[in-house]
1. Looking at D141, D118 in this structure, which one is in contact with an Asp or Glu (Cβ under 6 Å, 6 or more places away or on another chain), more than 25 Å from P31 (Cβ to Cβ) and surrounded by 14 or more Cβ atoms within 10 Å (Cβ to Cβ)?
2. Please determine whether any residue of region 62-85 is among the acidic types (D, E) and in contact (Cβ under 8 Å) with a residue 24 or more places away in the chain.
3. Identify the residue in region 78-114 that is of a type in the set (D, E, K, R) and over 21 Å from A168 (Cβ atoms) and, among all such residues, is farthest from the chain's Cα centre (by Cα).
4. Give the number of residues within region 146-171 that are part of a loop (DSSP other than H, G, I, E, B) and either more than 9 Å from the chain's Cα centre (by Cα) or at negative phi (or both).
5. Determine which single condition M39 fails, assuming it passes every other condition in (1) part of a helix (DSSP H, G or I); (2) surrounded by 15 or more Cβ atoms within 10 Å (Cβ to Cβ); (3) out of contact with any Cys (no Cβ under 7 Å at 6 or more places or on another chain).
6. Across region 8-25, what is the total count of residues that are in a loop (DSSP other than H, G, I, E, B) and of a type in the set (S, T, Y)?
7. Between residues in region 125-154 that are of a type in the set (S, T, Y) and residues that are not in a helix (DSSP H, G or I), which pairs lie under 6 Å by C-beta distance while being six or more apart or on different chains?
Amino acid sequence: EVFWRNSMASGVIPQISAVMGPCAGGAVYSPALTDFIFMVENTSYMFVTGPNVVKTVTHEEVTSEELGGASAHNTKSGVSHFSSPNDAVCLNDIRELMKYVPQNCEEKVPMIESKEPDSAKAKALDDLVPLNPNKPYDIHDVIDGIMDKNSFYEVHKDYADNMVVGFARLGG
């Protein structure tokens, strides 16, 4: 029934999972169906089969953290979208995300007071992108120069160095 509810709610309401402890076996499928997964460093684990089964089947020793901890799912698999140092920060991070998404598919995104982009970063945009297309630049500087000041909320921050995903405000 839980999976059915996940499926029925998909695209209708934001589905957010907070994995704040062990999540193993069939219980891992529900978070995988949600829009965002938050995990707590060193205390949350997500895997279908744990380290003992891995050792029995492959003769390889692996810890719960290595197999399915917050670091593994935020940096390697990409299953988790956010990593928090403790439960309290995790809950605050969820509150922050909720400022960027509507409560359901019928509502608009919550608006807040608009803040001008960082003026120094906005001025630097003219020279930011190098003429040589083979030279790198930091896309965060582009975002900070265009979007409302301090409004960028990055998703999958630790997953791929060559990819930037997130929410930002433009005029509130």
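1. D118
2. no
3. Step by step, filter region 78-114, then rank; the result is E106.
4. Residues that pass the stated criteria total 18.
5. Going through (1) part of a helix (DSSP H, G or I); (2) surrounded by 15 or more Cβ atoms within 10 Å (Cβ to Cβ); (3) out of contact with any Cys (no Cβ under 7 Å at 6 or more places or on another chain) one by one, M39 breaks only (1).
6. Total satisfying the criteria: 1.
7. Between residues of region 125-154 that are of a type in the set (S, T, Y) and residues that are not in a helix (DSSP H, G or I), the close pairs are Y137/V129; S151/A168; S151/R169; Y153/Y100; Y153/G166; Y153/F167.
To keep it simple, each residue is scored yes or no on (1) in the same structural domain as I16 (by TED's automatic domain parsing); (2) modelled with pLDDT of 95 or more; (3) more than 16 Å from V40 (Cα to Cα); (4) outside any helix (DSSP H, G or I).
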| residue | (1), (2), (3), (4) |
| --- | --- |
| H73 | yes, yes, no, no |
| V79 | yes, yes, no, yes |
| A88 | yes, yes, no, no |
| N92 | yes, yes, no, no |
| E106 | no, yes, yes, yes |
| M111 | no, no, yes, yes |
| S114 | no, no, yes, yes |
| P130 | no, no, yes, yes |
| P136 | no, no, yes, yes |
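The values are calculated or read from the model by the stated rules, or taken from the named source; none is laboratory data. Computed from a predicted structure; not experimentally measured. In this analysis, Cβ positions are derived from the backbone assuming ideal geometry, glycine residues included, and neighbour counts consider all displayed protein chains.
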